[in-house]
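Comments concern the structure below.
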Amino acid sequence: MKLEMSADQRAMVESVRLLAQEKFKPRVHKWQDGTFPHENLAELAQLGVLGMAVPEEYGGLGLPVLDCVLVLEEIAKVCYVTSMAAMSAMGAQNRIIANYAPPEVKEKFLRGVVTGEVMLAICMTEPHAGTDVASYKTNTVTTAHNDRVVLRGTKTLISRADEATCFIVFTRVDGRPGREGIGCVLVDPKTPGFEVTARYHTMGGENLAEIQFNDCELPVENLIIREDGFKKLLNAFNTQRCMNPSVSLGLAEGAFEEAVKYARDREAFGRPIGTMQGMRWKLAEMYRDIEVARSILYRAAASADPFPDPYLAGVAKMQVNEMAIKVTSEALQVHGGYGFTDEYPVSHFYRGARYGTLGGGTTETLKDLVGKRVYEHFPEDGFLGMGSF
């Protein structure tokens, strides 16, 4: 079995690499205080990157999950903040609209995603509940004439609260309890009752926010999922479990590249530190861990039809996120005391990598998900080819 990029994939990745190295790299420090990288997103839109996951009938490229993973990885090798912003055009929020919204809603939002005029943000976590979706209190009620809906509730740790033009909100519908009562509504931040009530600056450079929906009245067509919502939303969210680790993979690769450069340039005891066995072993282990993680991530992304296999995506996310924390930490160690300063890029990679295990389903949650699957369904005669069961 031969695994390599197609000519089209390679052309896109090389274009993004050139843009990232020439334009994004010199600007990395600009985004560390929470400033949003609008100029980077505009340049990605010109390349077609923001439309990669948008269906062709709405002006996008309609490319598979794997293609998006390859591109996000390349951006993250240079700039964590820009990769997270670009993910909003390729991840779950985009795919929820593309797969579940009525045609008029797709037309309204997706064409703008391609050009960068529409920026999407997803609202899941609540102050009292993150993974525990069944405990969500945010609720959307249909009005008496069934022509409007009213949203009330609070969401927290939300990305792009000050930049997004459309919020994809996980919500209870008409007060129905449990996971079965979860649906999805689209919210324009200009809607009366929409309010950003708190902001948090993160160690990765992004800003996150708390948002209150105080009886936001919306068109009924904005309630794009009413029935079987939890299953549909989780299917789409498995895409995020490939996008998130693609950023982690890029961060690990970026940190590793810096570590190799430093090991070649830095001298101790009269020779480059990379010639010392202890340092060579460290680099070998980092390289090994990156390649192992890459393999499972690409396999999970390639399983998408249209969404990735939930268990492969879960395993990939666990593996890549944990790998990125380890590799970026080791890359910082290679730099010695200089790695602890902001003068060297490795510190940015290290801070960004810490996000991976927290967003899109924690490592602990995914271990439980995958472990349950193994316990209940692993066959007595063991693995089949390619590790499937």
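Got the relative contact order for the chain handy, in percent, Cα pairs under 8 Å and 6 or more residues apart? Mind showing how you got there, number by number?
Values: 729 pairs, mean separation 59.1, N = 389.
Computed value for the chain: 15 percent relative contact order.
Which aspartates and glutamates, if any, have their Cα less than 18 Å from the Cα of LYS367, not counting same-chain residues under 8 positions apart?
Excluding near neighbours in sequence, the set is ASP132, ASP309, GLU322, GLU376.
Evaluated at 37 °C with a viscosity of 0.692 mPa s, what Stokes-Einstein diffusion coefficient in µm²/s does the stretch 117-223 have when Rh comes from the Kirkwood expression over alpha-carbon pairs?
Values: Rh = 13.9 Å.
It comes out at roughly 236 µm²/s.
Can you give the alpha-carbon Rg of the chain over 2.2 N^0.38 Å, where N counts its residues?
Working: Rg = 21.4 Å, N = 389, 2.2 N^0.38 = 21.2 Å.
Cα Rg divided by the expected 2.2 N^0.38 Å: 1.01.
In nm, what is the difference between 0.36 nm times the number of residues separating PHE378 and ASP162 and their Cα-Cα distance?
Values: separation 216, 0.36 × 216 = 77.76 nm, distance 4.57 nm.
73.2 nm is the gain from fully extending PHE378 to ASP162.
Compute the length gained on full extension between LYS25 and TYR338: take 0.36 nm times their separation in residues and subtract their Cα-Cα distance, giving the result in nm to one decimal. Kindly include the intermediate steps, with their values, before the conclusion.
Working: separation 313, 0.36 × 313 = 112.68 nm, distance 1.90 nm.
Between LYS25 and TYR338, full extension yields 110.8 nm more.
For LEU223, enumerate residues with amide H under 5 Å from its amide H, sequence gap 5+ or separate chain, H modeled in the peptide plane.
Placed amide hydrogens put LEU186 under 5 Å from LEU223.
If you project the alpha carbons of the stretch 237-380 onto the principal axes, what extent comes out on each, in Å, largest first?
Result, largest extent first: 58, 33, 24 Å.
With r as the distance between the Cβ atoms of ALA42 and ARG176 and R0 = 51 Å, compute the FRET efficiency 1/(1 + (r/R0)^6) and round to 0.05. All intermediate terms of the calculation are to be shown ahead of the outcome.
Numbers: r = 41 Å, r/R0 = 0.81.
Computed FRET efficiency for ARG176 and ALA42: 0.80.
Pick out, in residue order, every one of the GluC sites (Glu not before Pro) in the stretch 196-293 that is DSSP loop and has at most 14 other C-beta atoms within 10 Å; say none if there are none. Before the final figure, lay out each step's value.
Working: sites: GLU206, GLU210, GLU217, GLU221, GLU227, GLU253, GLU257, GLU258, GLU267, GLU285, GLU291; in loops: GLU206, GLU227.
Here the GluC sites (Glu not before Pro) that fit, given the DSSP loop and packing criteria, are GLU227.
Throughout, read-outs are computed from the coordinates displayed, never taken from laboratory work. On a predicted model such as this, the values are computed, not experimentally measured, just so you know. In this analysis, Cβ positions are derived from the backbone assuming ideal geometry, glycine residues included, and neighbour counts consider all displayed protein chains.
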